[in-house]
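The block underneath contains the structure these notes are about, expressed in C-alpha cells.
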Amino acid sequence: MQLVLEKRAERSRTIALVSPLIAIGLTLVTMSVLFALLGKNPITALGVYFIAPLTDGYSLQEIAVKATPLVMIAIGLSLCYLANAWNIGAEGQFLIGAVAGSWIAVKTQGTEAGHWVLPAMLLAGAAAGALYALIPALCRVKFGASEILTSLMLVYVADLLLDYLVRGPWRDPAGFNFPTTAEFDPVATVPLLIEGGRLHLGSIIALIVVICAFVLLDRTIKGFEIRVVGVAPRAARFGGFNANQLVLVTFAISGALAGLAGIIEVAGPIGHLQPGISPGYGFTAIIVAFLGRLNPVGILIAGLFLALTFIGGEQAQITMKIPLDVTKVFQGILLFYVLACDSLILYRFKLVFAARQVQSGAG
Amino acid sequence: MPDPALAHPAPVQPLLQTVGLTKRYGDFLANDRIDIEIVPREIHALLGENGAGKSTLVKTIYGLVQPSGGELRWQGRPIKLSGPSEARSLGIGMVFQHFSLFDNLTVAENVALGLDGKEPLRAVSARLADVARDYGLPLDPKREVWQLSVGERQRIEIVRALMQNPKFLILDEPTAVLTPQEADQLFIVLERLKQEGRAILYISHKLDEVKRLCDTATILRGGRKVATCNPKLETAGSLARMMVGSEIKEVKPSAERRTTVPRLVVNDLTLQPAELHGVRLQNISFELKGGEILGIAGVAGNGQDELFAALSGERLVKEPGTIIIDGIACGNLSISERRKMGAAFVPEERLGHGTAPRMRLSENALLTGHAAGDMVRHGFINAAATLRTVDRTTETFDVRKAKRDPEAASLSGGNLQKFVVGREILRQPAVLVVNQPTWGVDAGAAAIIRQALIDLASAGAAVLVTSQDLDELIEIADRIAVMFHGRLSAALPRMEATREKLGLLMGGASLDQKEAAHATRA
C-alpha cells in the first residue's frame with residue numbers, strides 16, 4: 001500500500017479556496033506544539049495572538065495600519081509572480097520610496113511650502129520605488145541575470161543608504177544625535193482618518209489599489225497578458241505578448257507600490273525617517289501574496305491576517321513574555337504550508353493497493 | 001469476418017496474452033476487458049483512433065502502467081510487471097513514438113544509457129555496430145545525436161531494443177516520422193525479425209501499411225476490442241469502419257476555385273536557428289495566391305517549426321521584404337500586426353502553444369483575437385465578444401465539450417484542434433498558415449478541419465498547410481513543396497506530386513535539380 005499524488009483533470013476550484021484555510025489550520029497546530037514546548041499554554045497563547053487583538057478598537061485600527069503596507073506591496077508582488085517575474089526585493093523598494101519621499105519633506109522643512117508637498121512626496125516615493133525595481137528587471141532582460149538574486153541584494157543597498165542619510169546629512173540637528181530626521185511638517189504628513197486615532201489615509205489608498213488590481217487582472221487586456229505570460233509563456237508569445245517587456249512593467253508597478261507604501265509609512269504612522277522603519281514588510285508581503293492566492297481580494301484578507309500576527313505577537317511578548325521572533329517563525333511556517341497545500345489544487349492524494357510481487361521466472 | 005483461428009491453423013502457444021485486461025483512470029475506462037494473443041513469428045497490428053486505448057494497452061504490456069484488472073500472461077504463465085526493466089528482462093522490447101535521446105551525447109552513449117547492464121562503453125559500441133550492420137540499419141556509434149536525421153534517431157531506438165535480443169517487440173507508430181522510402185526499409189527489418197521467430201506488436205493508424213505488413217490486426221475503439229482479423233482479407237474501408245464505428249465523411253474539393261493575386265510571398269528567407277541544434281532556414285522562396293492551398297511536406301525537424309515562427313512573426317527577420325502579406329512587407333512586423341493585416345496562424349502544438357492549457361476557451365479566443373476585431377476596447381476586454389467566438393466556433397465546427405466555457409486542457413485532442421482551427425477561420429483570414437492541422441486528431445474531426453481549409457481557400461484566402469501526412473496534402477493541396485534541411489523544394493502541382501516523388505524529396509534527393517531551378521529563376 002502506498003500514498004501517491006495523482007494529477008487532477010481540472011484544477012479544483014474548491015481546493016483553491018480551501019487550501020489557504022488548511023494551511024492556516026496546520027500552522028495553528030504546529031504553533032500550539034511550539035508554544036507547549038516553550039512552556040506556555042497553547043490555548044491562552046493562541047487567544048492572545050489571534051482573538052485578543054480583535055476585541056478592542058485601538059488594536060483593530062492598528063491591524064489596518066499594519067495591513068496597509070502589506071497589502072499594497074503584496075498586490076504589486078502578485079502581478080510580478082503571476083507574470084513569472086520574481087521580485088524578492090520589495091523591502092528595498094519600500095525603503096527607497098521612503099527615502100525619496102522624505103527628501104522632499106526634509107528639503108521643505110520649515111519653509112512656506114503648501115499642500116503640494118504630500119502629493120509630491122507620494123509621487124517621488126512611487127517613482128523611486130519603480131526605478132529601483134527596474135534595475136534588477138533590466139539586468140534580467142538585458143543580461144539574463146537572475147532577478148531573484150539581484151532584487152534581494154539591492155535590499156541591503158537601500159537599507160545602508162537610508163542608514164547613511166539619517167546618521168549623516170539628514171540627521172535632525174536638534175535630535176540629540178539620534179539617527180533620525182526631524183518630525184515632518186504637517187503638510188508633509190499623511191492625514192488621519194479619525195481624530196486622535198491611528199487609521200490614516202494610506203488605508204484608503206491601499207483599498208483603491210486592491211480595486212484597481214482587481215479591474216486590471218479581471219477586465220483588461222494587460223491583466224490577461226500578465227496571467228497568460230505566467231501560465232503559458234509559449235502561448236503568450238504566440239498571442240503577441242512580449243514576456244521581457246512584461247517583466248519591466250510588472251517590476252515597475254510592483255516597485256512603485258512598494259515605494260508608495262514606504263513613503264506612506266514614514267509620512268504616516270512614523271512621522272519621520274529613521275532606520276528600522278520596516279519590520280520586514282517587504283518580505284512578509286511575499287507570504288501575503290501567496291496566502292491570498294495572488295488574487296487582489298485574497299491579498300486584502302491575507303494582509304489583514306498577517307497584520308493580526310504582528311499585533312498579536314507584540315501583545316504576546318508583553319503579556320506572556322513570548323519572544324517577538326516567534327511571529328517570524330509563525331510567518332515562515334505559514335508560507336511553507338501554503339505552498340505545500342497548493343499542490344493539492346492540481347493533485348490529489350490517493351491510496352494505492354498494488355501487489356508488487358513478481359511471479360515470473362522467465363528471463 | 002474471418003475466424004482468427006484460420007490465420008494460425010496449428011495451435012501455437014501464445015507468447016503474450018492479455019486476459020480481460022482493464023485499466024481505469026478515475027471514472028474513465030482506458031482499457032475495458034481486452035483479450036489479445038500474440039504468437040511468435042507474427043506481426044500483429046494494433047489499430048485504433050487516438051484515444052482508443054492503444055497506448056495504455058502497450059504501456060501495460062511494457063510494465064509502465066499497472067492494470068486495474070485482468071491478467072497478463074507470458075508464455076502461458078501469469079505475470080505482474082513492476083516496471084519496464086522487468087519487461088525487458090523477460091524479452092519484451094519497445095520503440096516509442098517520441099524518442100528519448102540526449103542530443104549532445106553520441107549514439108553509443110545513448111544506447112549505453114538505455115541498457116540495464118554495466119557493459120563498458122567500448123563493448124556497447126562494438127556490439128551496437130554489429131547489430132546495426134547485421135540488420136542493415138547503418139549507424140555510426142561515434143556521432144552525436146543532434147547531427148542525425150529523425151529516421152536515424154529511430155534506428156538508434158530500434159537497435160537499442162534489438163541489442164537486448166527481445167522475443168517480443170512493440171513499435172508505436174514507427175512510420176509517422178519516416179519518408180515512404182525509409183518506411184520500406186523498416187518493413188524489411190521487421191520481416192527479418194519475424195523470420196527469426198520474434199513477435200511484433202505494431203501500432204498504427206495507416207491502414208495500407210497494416211494490410212501490407214501485418215498478419216493479424218486487433219482493432220480497438222473507445223477502450224474496447226472491436227475485432228481481431230486478418231488485415232490482408234479486409235479492405236481499407238472495412239478496417240476504417242471498424243476503427244471509427246461509422247462511415248467517414250469524404251472531403252469534397254470545391255468544384256471551381258479560382259486563384260487570384262499573390263497574398264503570401266516569401267523572398268529568399270534565410271534565418272539562423274534560435275536554439276542550439278535548431279534548423280537554419282536557407283533561401284526559402286514561394287508565392288501563394290488567393291484561392292490556393294500550398295502544402296509543405298517533409299519529415300519533422302527539417303525546419304517546419306522555424307518557418308512557422310518566421311511566417312507568424314514569433315521570430316522577426318531584418319529585411320521586411322522577405323515576407324509579404326497582401327502586398328505589405330512585414331518581415332519585421334510582430335505577430336499582432338500581421339494578424340491585423342488579416343493573417344491567421346495555427347501552430348502544431350495545440351496545448352501550450354496554440355492555447356494556454358489551464359485557461360478557459362473564451363480566454364484562449366482572446367489570445368489570438370485581441371489584436372484585431374472587437375474583443376478589446378480601450379484596453380478593456382469585451383467578455384461577451386470572447387464568449388461569442390467560443391459559441392460560434394462550437395456551432396460551426398461541432399466542438400464537443402462538457403460546459404460552455406471549459407479549460408482548454410479538458411477538451412479532447414480532436415475537439416481542441418477544431419476549436420484552434422475554427423477560431424482562426426471564423427476571423428475570415430486573408431492568409432492562413434497552419435502547421436499539422438490534423439495531427440493526433442480522430443478521423444471525424446480531421447475531415448471537418450480539412451473541409452474547412454478547402455472552403456476557406458474557395459472563399460479567396462491563401463492557405464499554407466504544413467503536414468507530415470502525405471495523404472492529407474495530396475487530398476487538399478493544389479501544389480506541394482517539400483522541406484529538407486531547412487530548404488524548400490519547388491512546388492509540384494498536385495497531379496505530378498506522387499508519393500514516390502515526394503518521398504525522394506523528403507529524403508533529400510534531387511536537391512541539385514531544385515537548386516538549378518533556383519539558379520535559373522534568379
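For the reader, a short list of remarks on this structure follows.
Let's see how each residue does on (1) of a type in the set (Lys, Arg); (2) surrounded by fewer than 21 Cβ atoms within 10 Å (Cβ to Cβ); (3) under 24 Å from the mean Cα position of the chain (by Cα):
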{"site": "B:Phe96", "(1), (2), (3)": "no, yes, yes"}
{"site": "B:Ala112", "(1), (2), (3)": "no, no, no"}
{"site": "B:Arg133", "(1), (2), (3)": "yes, yes, no"}
{"site": "B:Lys142", "(1), (2), (3)": "yes, yes, no"}
{"site": "B:Val145", "(1), (2), (3)": "no, yes, yes"}
{"site": "B:Val150", "(1), (2), (3)": "no, yes, yes"}
{"site": "B:Val159", "(1), (2), (3)": "no, no, yes"}
{"site": "B:Leu162", "(1), (2), (3)": "no, no, no"}
{"site": "B:Ile170", "(1), (2), (3)": "no, no, yes"}
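- Filter result (modelled with pLDDT under 95 and buried (at least 20 other Cβ atoms within 10 Å of the Cβ)) within the range A:148-168: A:Val166
- The listed residues are A:Ile311, A:Ile322, and the only one of them that is in a helix (DSSP H, G or I) and more than 14 Å from chain B (Cβ to nearest Cβ) turns out to be A:Ile311.
- Meets criteria (assigned by TED's automatic domain parsing to the domain that holds B:Glu287 and over 22 Å from the mean Cα position of the chain (by Cα)) for B:Asp455: yes
- The number of residues in the range B:358-400 being assigned to a helix (DSSP H, G or I), more than 11 Å from every other protein chain (Cβ to nearest Cβ) and either more than 21 Å from B:Thr438 (Cα to Cα) or of a type in the set (S, T, N, Q) (or both) comes to 9.
- All positions within the range B:324-348 that are within 14 Å of chain A (Cβ to nearest Cβ) and either open to solvent by 20 Å² or more (accessible area, probe 1.4 Å) or in a helix (DSSP H, G or I) (or both): B:Leu333, B:Ser334, B:Ile335, B:Ser336, B:Glu337, B:Arg338, B:Arg339, B:Lys340, B:Met341, B:Glu348
- Test: residue in the range B:217-239 that is within 24 Å of B:Asp140 (Cβ to Cβ) and either within 21 Å of the chain's Cα centre (by Cα) or open to solvent by 60 Å² or more (accessible area, probe 1.4 Å) (or both): no
- Qualifying residues in the range B:51-91 (those that are within 12 Å of chain A (Cβ to nearest Cβ), without any contact (Cβ under 8 Å) to a residue 12 or more places away in the chain and charged (D, E, K, R)) - the one least open to solvent (accessible area, probe 1.4 Å): B:Lys80
- Only one of the listed residues (B:Gly278, B:Gly303, B:Gly321) is more than 14 Å from chain A (Cβ to nearest Cβ) and in contact (Cβ under 8 Å) with a residue 60 or more places away in the chain. That residue is B:Gly303.
- Residue in the range A:133-150 that is touching a Gly at 6+ places or on another chain (Cβ under 6 Å) and farther than 22 Å from A:His272 by Cα present: yes
- All positions within the range B:209-226 that are of a type outside the set (A, V, I, L, M), in a helix (DSSP H, G or I) and within 21 Å of B:Phe96 (Cα to Cα): B:Glu209
- Residues located in the range B:9-36, provided they are open to solvent by 100 Å² or more (accessible area, probe 1.4 Å), more than 14 Å from every other protein chain (Cβ to nearest Cβ) and touching a residue at least 24 places away in the same chain (Cβ under 8 Å): B:Arg33
- Filtered by the rule that a residue be surrounded by fewer than 16 Cβ atoms within 10 Å (Cβ to Cβ) and under 23 Å from the mean Cα position of the chain (by Cα), the range A:316-328 gives A:Pro323, A:Leu324, A:Asp325.
- Restricting the range A:229-251 to residues that are surrounded by 23 or more Cβ atoms within 10 Å (Cβ to Cβ) and either within 20 Å of A:Ala128 (Cβ to Cβ) or within 23 Å of the chain's Cα centre (by Cα) (or both), the residue that is farthest from the other protein chains (Cβ to nearest Cβ) is A:Phe251.
- When the range A:192-205 is filtered for residues that are surrounded by 12 or more Cβ atoms within 10 Å (Cβ to Cβ) and either at pLDDT 90 or above or of a type outside the set (D, E, K, R) (or both), the ones remaining, listed by number, are A:Leu192, A:Leu193, A:Gly197, A:Leu199, A:His200, A:Leu201, A:Gly202, A:Ser203, A:Ile204, A:Ile205.
- Set side by side, the residues B:Glu287, B:Glu314, B:Glu319, B:Glu275 differ, and just one is closer than 26 Å to B:Asp103 by Cβ and surrounded by fewer than 17 Cβ atoms within 10 Å (Cβ to Cβ), which is B:Glu275.
- The single condition among (1) under 27 Å from A:Arg13 (Cα atoms); (2) open to solvent by less than 10 Å² (accessible area, probe 1.4 Å); (3) in contact (Cβ under 8 Å) with a residue 40 or more places away in the chain that B:Leu367 does not meet is (3).
- Pairs meeting the criteria (first residue in the range A:112-136 and touching a residue at least 40 places away in the same chain (Cβ under 8 Å), second residue outside any helix (DSSP H, G or I) and surrounded by fewer than 22 Cβ atoms within 10 Å (Cβ to Cβ), beta carbons under 6 Å, at least 6 apart or on different chains) are A:Val117/A:Thr108.
The values are calculated or read from the model by the stated rules, or taken from the named source; none is laboratory data. Small disclaimer: the values here were computed from a predicted structure and weren't measured. Positions of Cβ are backbone-derived with ideal geometry, glycine not excepted, and every protein chain shown enters the neighbour counts. With ligands, DNA and RNA removed, areas are computed over all heavy atoms of the protein, side chains included. Shrake-Rupley method; radii C 1.70, N 1.55, O 1.52, S 1.80 Å.
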